[in-house]
Amino acid sequence: MNGSEHEMDIDGEQMQDDSVVEITDLGLPDEDALQKSIGLPNRWFLSWQRSLNRKRVRLTMALCLLVLVLMVVFLSLSAVNPLITGLGRNISASNEKQPLPIDIRPSVSILPQNDGFACVADAAWSNDMKYLAFVGYQRSCTLLNNQYEPGLVVIYNAFSGRLIGHFKPDSTILSALKTRFAQVHGVPVIYYNHISWSSSQQRLALTFSVFYLFQPAPALISNFYGVLLTERGGTPQKVLLQAQKNNVANVEWDLARDVELDTPVISPGASPIARTSPSLLVYTWGENGSLLLAVQQTTHTTPSRTSNDSVGNPDGGKSFSIWQPGWVGLTTQTGRGKVHLPGAYSWNSYFTAWSPDGRYLVDNVSVMGRFEVTDQPQLTSQALVDLHMENLSLLPVRDIALLHVLKTLTGAPANLSRQLIAWRPDGRTMAAYDNGTMDLDLFDCSTGYQVASLLLPTNASMGLVGFNTQLQWSPDGTRLFLLDQQIGSLVIWNIEPAR
């Protein structure tokens, strides 16, 4: 312990010794000595640091630097602004959500087999949308077995599906044949083509062809075509008949004079101008019952968001486009021939046209052509020959909705992939039916978006045969019917008009 105290004493003594500090006043050097020690350059620098000019220059330089920075920022924003604007537009476009398709349930379902039909050949709306007329066969389908089957015409209420009336047209047609062509012998087979309503809705036109089987040789006349006109209730008015000519694509009748006209209907396949892709192909009624194909040029080589031109109504309309109900198909191979990819897209449509004054009737207006999709390689001439499409005219793809459906076709080798297409009369909505998957959808023609799915009956009804599937809008575009033997019924949907 004494040792510790000793150490503390020693430390304390040392600290006391170190704490003594001696201060000496050195004084300031005189001004002359300071000036001499600094030197001339240093004296100039010190004078500059202490002067007012330095402050002014520094302030000016700071202002110039600020202006320079502002100019750089402004130029940078000017250059980047379009990029930002474009990016903003892209983000906005990507954030636009496609509306979900709505489901629409059927409003009416008609079972033709309950009223004597085994096969339906055609069906048509009346222009006031109140009635539907059917034509077909009672026991089987003449289109399948090429044998005589008795025909039948039935009229339904389009809102309730109730039967309004029916009649059997065969006896009237066969009687007219026997009267006018008594020299023809054999077994007649009647093929019904189309049924149409006049614009006044008081008359029905039933077009047909007659083929005679087992004629004794030599037979000078074997085939006929004609039209049966009746009152809406089925009372026959008259039958017009004409011996069939070779290579006749369509027939036009003057119903006032009861004669066939020699004015051919111009079709896209017969018109080289139809090969110009950016065009609208519209039929118009001319003088003396001539039905002409007018070509209206557009500035679009690809489907446009503004392709909403009216398709019109051939039954009583003053003009109508080529885009009536028909089939689109994709073919990659015919028979056992070579496979060509991506394949050839085709269009087929057949319909009747009745003039607004009710005087002229054209049967079998035929529109056949092919499409090319812009982002797919075009087929060579040899490929078109292999696919039997070298003589088809190149048609424009009407709208984005049609383009969408074309791109969904699969085109498996040796198999024709196709869908049934029908445009609303105003041209703004397209219905597409795939009878393979039995999907019926509505598409917006401007965007290609699917806007609705039309629900089919859950249970198919039996009793119908044949292959004549039909899809048709009502003249005002508020209703749509589908007739498919797979479903076994004619189904009607109420469709809200596009806004």
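Laboratory data are not the source of any read-out in this text; all were calculated from the coordinates shown. Predicted, not measured: the structure shown is a model, and the values here were computed from it.
A few remarks follow.
- Pairs beyond 27 Å (Cα-Cα), from Lys238/Lys318; Lys168/Lys318; Lys130/Lys168; Lys178/Lys245: Lys168/Lys318
- Between Gln486 and Cys64, full extension at 0.36 nm per residue minus the direct alpha carbon distance yields a gain of 143.5 nm.
- Nonlocal amide H pairs with Gly165, under 5 Å, H built at 1.01 Å: Ile155
- Extended-chain gain in nm, criterion 0.36 nm per residue less alpha-carbon gap, Asp128 and Thr179: 14.7 nm
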